[in-house]
Structures are given as C-alpha cells and as structure tokens.
Amino acid sequence: MQAGGRLNLLLIGFGHVARAFVRLLIPRRADIEAASGLATRVVGIATARHGCALVPDGIDDARAIALAEGYLGVSSIHALAGDPPRDAFALLDGAARQAWQGPLVAIETTTLDPRRGEPATGHIVRALAAGAHVVTANKGPIACAWDVVRQAAGRADRHVLFESTVMDGIPVFGLVRDTLPGVRVTALRGIVNATTNYVLGEMEEGRELGASLAEMQARGIAEADPLFDLEGWDAAAKAAALANVLMGAAITPESVRRCGITHLTAADVRGALDSGWRLKLVMRVTGEAGRVSASVGPERVHATDVLAQVHGTMCALTISTDLLGDVTIVQHGGSVAETAYGVLADLITLSRRL
Ligand SMILES: NC(=O)c1ccc[n+]([C@@H]2O[C@H](COP(=O)([O-])OP(=O)(O)OC[C@H]3O[C@@H](n4cnc5c(N)ncnc54)[C@H](OP(=O)(O)O)[C@@H]3O)[C@@H](O)[C@H]2O)c1
C-alpha cells in the first residue's frame, strides 16, 4: 500500500466480532501502523436493529461501541445530508458515491445463515461492485456461494479475505496458500466448532447441555442461533468453505452429511469416556475436486487420537496432503478476541497486497 494510504473501513455488522475488532484496534492503532504500515479508520457501520451511519471523516470508535451497546444505536452519528442509510445495501451504495482518500474495505460480520449464506453474500457482492475490498468472518458466503464471491471479486479486481471464518485467527487458509506451495490437499479431518466441543467436554463432567451452552452464549462464542452449533450447521459450513477453497470443490453446507449433538446425554458421553473413548463432533472432507464429499457428526475418538486431546474451546484440523503427509494445526482455545485478530491479520495481508 502507498505510504500514507489509509484503509477506510465499512463495518457491515457490528456485533461481538466487529466490536471486539474495534476494541482491539483502539489502543493499538499507532503500534500496528508502526509495525505493519496498516493505517485504518472506520467510516461506516451497518446493523440490523441498531442503525446505520456513514461518516466519511471517520467515526469515534469508542462512541460507536457505546451507542451500539446502548438504546440509541449508531444512526445519530450519520454525518451526511439526508436520512441515515436504511440498511447495509444503502450504506454500501452511499459509500460508492463518496470520493475516498485510500482504499475502501467492507468487513462483513453479519449473522451466519448456513443454508443460503444471505444476506452476507449479497453484501459482499454489492461491496465489491462499490469498489471495496472485503474481509469477512462470516463463513456463509464462502460455504454457500464461493464461486459467486470469487467471480465478483475477479470482475471488480478486488480482494476477498476470510481467514477468521474457520478456527478464528488461526491461519488455516493462509497456511496452505502461503506455506505449502505445490501440495494437493487430499482430505481434511478435525474439530472445528468450539461450542459443541466445550459442551461435550462439560458433559464428561456430568454437566447437562443447557448450562454450558448458556456459558458459550455469554462469552459470545456460540452462534446467534445456537442450534447452528448444536445441529452441526456451523461445522458443515466450515467443511464446505474449506473444501471449496482448499480442494477446489463446489459443495454447500446442505450437501454435507450432518448429525448434531442434541440427542446426546451426559450419560452417553460419560459412558464413552469410561471405555477409553471421547465423543467428539468430527468434521471430515474426502475426495477430489468434482467428487468431494463431507460429513459432520459425533464420533467415538480413541484416547490415543490427537483429536482426543482437543479440550474445551480448543479446535484442531488435520490437513492431509499428497506431498507432505498430514499436517495438524491446533487452536488452544478460541474466543471472539481471536476472531477479531483474524480480521486484523486479513487487513494487514490486504494492505501488503495493495
Ligand atoms: N463469535 C465468534 O466467536 C465467531 C467466530 C468466527 C466467526 N464468527 C462469525 O462472525 C459473524 C458475526 O458473529 P458475531 O458473534 O459478531 O454475531 P452477532 O454478535 O450476532 O452480530 C451480528 C451483527 O450483524 C448485524 N446484522 C445481522 N443481520 C444484518 C443485516 N441484514 N444487515 C446489517 N447488519 C446485520 C447485527 O445487527 P444488530 O446488532 O442490530 O443485531 C449484529 O450487529 C457470524 O457470521 C459468525 O458466524 C463468529
């Protein structure tokens, strides 16, 4: 990126992840700029129920968080003539009409829709058409409409980065893209949903599902609709995103064979443990481009299996390759702060590409 260039950020969605990202940014802006050259300012926010605002000169981040978390919402800080944008699409259209100093970037963190990937896919396509690059933590578009997203990015000559869609800030996609040149990914196996892994671990201790799920909701780790975690939709969306990007597949979460954990009781989980096994929600992807299949479901994992050591909110993914065998990447505990870091890491990657 040119010296002095600054990324103008449009936050499409301003919930747990986007606010954690802004909280991460506030005290570190100067350090990040000195270390990586990344300079940013937030110039727009769109939410579903907490208003929208476009502020071309830059938003006071701390005030925006306070407004979004209070009763007022963010519309009161809209700084252009006329009414605040009514939704994310109007905000993106408004942004397209402004003359920006520096690149425009939409950060898409709206609620997951694992069946259709909407409205996030629509937001991304509209952002690209508006001339913005895109960073997203929302796996829906990558899982449900990867081709649409990729083609729209190509047409617009803009970048789309999505590292925080799987295992938060752990560089799963970047690991393959940047450090495993020439390898073919032949299979994937892992635990990729922190909420269900935590819940199953607590069930081993005799705690029933409801209490530990409430804890995951309070920590902002569970999906807005926690059934997407419990019924395996989140893991299925991650399977599809990984398969599409790393294995050249064209699958969707609906084509992933899926079974959740809602039917399991603490007695089932403890029974497995007493026999030397752990019950884990395991994601698998196998096959070659054009014939890739994926599944998500509870499996008995032997105590000697690397996945048996994945406790609490940890996640792990084994990437099988033709030239390097199996590479396993372990995340020692996920949180929204790590997802927020994934967003920041994508912005730094983007600024290096510009
Ligand atoms: N939480 C995590 O640990 C984590 C980790 C990795 C990835 N993710 C992904 O990151 C995304 C955001 O997660 P989150 O935990 O931040 O969710 P969240 O707290 O529920 O926030 C979602 C935000 O999106 C807004 N929104 C929903 N529909 C919208 C629409 N049609 N137009 C504009 N804004 C809309 C909501 O508006 P209101 O504020 O008005 O409701 C809210 O601000 C999800 O796709 C999730 O799968 C989350």
Label point distance in nm, Thr265-Leu324, each placed 7 Å from Cα along Cα→Cβ | 4.6
On average, how much accessible surface per residue is there in region 73-153, in Å², for a 1.4 Å probe, leaving out ligands, DNA and RNA?
-> 40
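How many Å³ per residue does the convex hull of the Cα positions in the chain occupy? Each step should come with its number before you reach the end.
Working: hull volume 46.4 nm³, N = 354.
Taking the convex hull of the Cα positions in the chain, it is 131 Å³ per residue.
Treating only the Cβ atoms of Lys and Arg (+1) and Asp and Glu (-1) as charged, compute the dipole magnitude of the chain about its Cα centre; round to the nearest 20 debye. Intermediate results must be reported in sequence, preceding the final value.
On the way: 33 positive and 37 negative charges, 153 e Å.
For the chain, the charge dipole is close to 740 debye.
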Percent RCO, i.e. relative contact order, over region 13-65, from Cα pairs under 8 Å lying at least 6 residues apart = 35
Antiparallel content of DSSP bridges confined to the chain, in %, to 5 | 60
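List the trypsin sites (Lys or Arg not before Pro) within region 246-327 that DSSP assigns to loop and that have no more than 12 neighbouring Cβ atoms inside 10 Å.
Details: sites: Arg257, Arg258, Arg270, Arg278, Lys280, Arg284, Arg291, Arg300; in loops: Arg291.
Those that pass, being in a loop and sparsely packed, are Arg291.
Taking all protein chains in place and a 1.4 Å probe, what share, in percent, of the accessible surface of region 138-236 do carbon and sulfur account for? List each step's numbers first, then the result.
Details: 1860 of 3640 Å².
Accessible surface attributable to carbon and sulfur in region 138-236 totals 51 percent.
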What is the magnitude of the charge dipole of region 6-94 about its Cα centre, with +1 placed on the Cβ of each Lys and Arg, -1 on the Cβ of each Asp and Glu, and no other charges, expressed in debye to the nearest 20?
-> 200
Cα-derived Rg to Rh of region 74-208, Kirkwood definition | 1.07
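Counting other Cβ atoms within 10 Å, keep those with at most 15, restrict to DSSP loop, and tell me which trypsin sites (Lys or Arg not before Pro) in region 55-109 are left. List each step's numbers first, then the result.
Values: sites: Arg63, Arg86, Arg97; in loops: Arg86, Arg97.
The qualifying sites are Arg86, Arg97.
For region 248-354, give the magnitude of the charge dipole about the Cα centre (Cβ charges: +1 Lys/Arg, -1 Asp/Glu; no others), in debye to the nearest 20. The partial results should precede the final answer.
Details: 10 positive and 10 negative charges, 27 e Å.
About 120 debye.
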In whole percent, the Cα-Cα distances of region 196-284 spread across 10 Å bins from 0 upward as 17, 42, 30, 11, 0
Mind pulling the angle between the C-alpha long axis of helix 16-36 and the longest principal axis of the chain? Nearest 10 degrees, somewhere in 0 to 90.
-> 70
Helix 233-247 versus the longest principal axis of the chain: what is the Cα-based angle in degrees, 0 to 90, to the nearest 10?
-> 80
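So with the 1.4 Å probe, I'd like the accessible area per residue for region 231-354, rounded to whole Å². Don't skip to the answer; put the middle values down first.
Details: 5150 Å² over 124 residues.
Per residue, region 231-354 has 42 Å² of solvent-accessible surface.
Let's test the formula: R0 of 22 Å, r as the Cβ-Cβ distance of Thr111 and Thr179. What FRET efficiency results, to the nearest 0.05? If you can, show how the numbers build up before the last one.
Numbers: r = 32 Å, r/R0 = 1.46.
According to the calculation, E is roughly 0.10.
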How long is region 174-331 along each principal axis, judged by its Cα atoms, biggest number first, in Å?
-> 46, 33, 25
Taking a probe of 1.4 angstrom, what is the accessible area of Arg184 in Å², to the nearest 10?
-> 110
How large is ³J(HN,Hα), in whole Hz, for each residue of region 197-213 in order, when computed from phi with the Karplus curve 6.51 cos²θ - 1.76 cosθ + 1.60 and θ = phi - 60°, using x for Gly and Pro?
-> 5, 5, 4, 5, x, 5, 5, 4, 8, x, 7, 6, 4, x, 5, 6, 5
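Grab the Cα-Cα distance for Ala214 and Ala250, subtract it from 0.36 nm times how many residues apart they are, and report the gain in nm with one decimal. Before the final figure, lay out the partial values.
On the way: separation 36, 0.36 × 36 = 12.96 nm, distance 3.47 nm.
So the extension gain works out to 9.5 nm.
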Which angle between 0 and 90 degrees, to the nearest 10, do you get for helix 146-156 versus the longest principal axis of the chain when only C-alpha atoms count?
-> 20
For the chain, with the dipole built from +1 on Lys and Arg beta-carbon atoms and -1 on Asp and Glu ones, taken about the Cα centre, which of Gly276, Cys144, Phe21 lies farthest toward the positive end?
-> Cys144
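Calculate what fraction, in whole %, of the accessible area of region 62-133 sits on carbon and sulfur atoms when a 1.4 Å probe is rolled over the protein chains.
51
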Label-zone membership for region 217-250, site Glu69, 7 angstrom Cα→C-beta point, backbone N under 14 Å = 219-220
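When the helix-only estimate is applied to the chain (DSSP H runs of n ≥ 4, each -39,500 (n - 2.57), divided by the residue count), what is the mean residue ellipticity at 222 nm, nearest 500 deg cm²/dmol? Don't jump to the answer; show the numbers that get you there.
Working: 13 runs with 141 residues, N = 354.
The helix contribution divided over the chain gives -12000 deg cm²/dmol.
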Using a Förster distance of 41 angstrom, determine the FRET efficiency expected from the C-beta separation of Glu204 and Ser293, and round it to 0.05.
-> 0.85
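The values are calculated or read from the model by the stated rules, or taken from the named source; none is laboratory data. In this text the structure is predicted, and so the values were computed from the model without any measurement. We place every Cβ from the backbone using ideal geometry, glycine too, and count neighbours over all the protein chains shown. In case anyone asks, the SASA skips ligands and DNA or RNA and just uses the protein heavy atoms, side chains included. Shrake-Rupley method; radii C 1.70, N 1.55, O 1.52, S 1.80 Å.
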